[in-house]
1. Of everything in segment 120-161, what is in contact with a His (Cβ under 7 Å, 6 or more places away or on another chain) and farther than 16 Å from E74 by Cβ? Give them in sequence order.
2. Would you mind finding the one in E116, E54 that is assigned to a loop (DSSP other than H, G, I, E, B) and in contact with a Lys or Arg (Cβ under 9 Å, 6 or more places away or on another chain)?
3. Can we say A186 is under 18 Å from the mean Cα position of the chain (by Cα) and exposed (fewer than 13 other Cβ atoms within 10 Å of the Cβ)?
4. Among the listed residues L194, L190, L274, L279, identify the single one that is more than 30 Å from T154 (Cβ to Cβ) and either touching a helix residue (DSSP H, G or I) at 6+ places or on another chain (Cβ under 8 Å) or outside any helix (DSSP H, G or I) (or both).
5. Just checking, which of A270, A281 is over 16 Å from N217 (Cβ atoms) and over 32 Å from the mean Cα position of the chain (by Cα)?
6. Working only within segment 197-221, note down all residues that are among the hydrophobic types (A, V, I, L, M, F, W, C) and part of a loop (DSSP other than H, G, I, E, B).
7. If I go through segment 133-161 residue by residue, how many of them are exposed (fewer than 12 other Cβ atoms within 10 Å of the Cβ) and either within 16 Å of the chain's Cα centre (by Cα) or hydrophobic (A, V, I, L, M, F, W, C) (or both)?
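The values are calculated or read from the model by the stated rules, or taken from the named source; none is laboratory data. Since we're looking at a predicted model, the values are computed, not measured. So basically every Cβ, Gly included, is an ideal-geometry build from the backbone, and we count neighbours across all protein chains shown.
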Amino acid sequence: MATALLAGLACAGRAYADPAQAESYARLGRLYAEQGREQEAEAALEQARLLESEEPFVYFWLGRRQSSPERLVEAVGRAVRRRGLLDAAAMQALSGASKPDPDAAEEAGRLRLELEGLFHESLRLLRQLEGATLYERDLRRLIAWFPSNRELKTALGHHLAVEERWEEAAGLWQGLLRAEPQIAEAQLGLAIALERLGRVEEAALAFLRAVELDPRNPAIYDSLVRVYAGREPELRTLLADRAWRDTRNPVLFRRLAWLEERLGLEQAAAGHQLRAERLEAEP
């Protein structure tokens, strides 16, 4: 029956080759994939691809199944495009006079999470299949197609860091931050690159800015301890000052207590440790 259904859809697809037909194949292929019927899923999803489906799952599943970098690049591109359409629709809904639809908002949120997972898994598989050089080529090609996409540039920044190309990584993170100063991931990436380049004072300032953007990230506090080596009292003063403003952050209080214990400030350390434990115990 499934074979007959696929054959019927294929005839219709050849006759009309319209977007609705492509998405019918995409839905059918996803259903087969969820049922573990991989051969039927591949046939349906391949037909959806030939009909130029806009569904990112089509290209992701085929790319993974066929170990195809080309399909995975298409999956990333389709995911970026779909996310852009979702964001545009959300902005339009916010600016409209009609009452927001909570069900539509929930579905959009679910789809965003799915697209995010598909985007990152496609890139992971692409790097695994291609190796560093070809992966970077494809990343840069995607960035050329979607020059305003932050996630692609972030992926390139992480790739440059893995390759220990710190000057290039720092330049990329700086460019991202000039466009959007509030990107916590870019600020942390810049701080790490500056530290690896031996620009310790600049790195210290960058890590402090990273704390402002992502105040509950333990790795940032660990990095601050590292770049303030030999100047622990100065760092303690900075963190204590922050604790007056960020009064409900258990990560901050734990790191402050740890630092105070190292400095021999046992009473202050005990107080901040207790504060962290109480905050963590709250529902």
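1. Across segment 120-161, the qualifying residue is only E136.
2. Values: E116 fails: assigned to a loop (DSSP other than H, G, I, E, B).
The match here is E54.
3. Values: under 18 Å from the mean Cα position of the chain (by Cα): yes; exposed (fewer than 13 other Cβ atoms within 10 Å of the Cβ): no.
Judged against the criteria, A186 is not a match.
4. Details: L194 fails: more than 30 Å from T154 (Cβ to Cβ); L190 fails: more than 30 Å from T154 (Cβ to Cβ); L274 fails: either touching a helix residue (DSSP H, G or I) at 6+ places or on another chain (Cβ under 8 Å) or outside any helix (DSSP H, G or I) (or both).
Answer to the selection: L279.
5. Values: A281 fails: over 32 Å from the mean Cα position of the chain (by Cα).
One residue alone meets the criteria, A270.
6. Once the filter is applied, which keeps residues that are among the hydrophobic types (A, V, I, L, M, F, W, C) and part of a loop (DSSP other than H, G, I, E, B), segment 197-221 yields only L197.
7. The qualifying residues number 2.
One line per residue, one yes/no per condition, for (1) polar (S, T, N, Q); (2) over 27 Å from L115 (Cα atoms); (3) in a helix (DSSP H, G or I):
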| position | (1), (2), (3) |
| --- | --- |
| L142 | no, no, yes |
| T154 | yes, no, yes |
| E164 | no, yes, no |
| R178 | no, no, yes |
